[in-house]
Amino acid sequence: MKATDLKKRLSKERPLVSVQLQMPEDVLGDLQKIAAFQGMSSPEALMRQYIGQALRRDLELYDNSLVAVLIENLKRHGVDENLIQQAVNEAIHQPA
């Protein structure tokens, strides 16, 4: 995830929506225990942290898989591999 996207994600001014989630009581108990252990205000805060971490990881995998597909398509269409590598390097090293 680009730094600019991450900054937007961390903004406290983003609109929020409520989500209802059912889970086993023992899982909620574990979340309460770990949230308290980590000094968090609630199990909901811990769940938001867990979801955010996993979502950022999966978005990175998703973005990387799209790049891989694009590279393979460019190669199949006869685009020179050196040109593709140069473009990828420029994209990776671009300032955020």
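The values are calculated or read from the model by the stated rules, or taken from the named source; none is laboratory data. The structure displayed is predicted, hence computed values, not measured ones. Glycine gets a Cβ as well: all are built from the backbone with ideal geometry, and neighbour counts include every protein chain shown.
Against the test of being of a type in the set (A, V, I, L, M, F, W, C), over 12 Å from the mean Cα position of the chain (by Cα) and not in a helix (DSSP H, G or I), the options Leu16, Leu46, Leu31 yield a single qualifying residue, Leu16.
Each row is one residue, and each column tells you yes or no for (1) surrounded by 13 or more Cβ atoms within 10 Å (Cβ to Cβ); (2) among the basic types (Lys, Arg); (3) at pLDDT below 90; (4) under 30 Å from Leu16 (Cα atoms).
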| site | (1), (2), (3), (4) |
| --- | --- |
| Arg48 | no, yes, no, yes |
| Asp58 | no, no, yes, yes |
| Ala68 | no, no, yes, no |
| Lys75 | no, yes, no, no |
| Asn89 | no, no, yes, no |
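Are any of the residues in segment 67-77 in a loop (DSSP other than H, G, I, E, B), over 23 Å from Ser11 (Cβ atoms) and not aromatic (Phe, Trp, Tyr)? Yes, segment 67-77 has at least one match.
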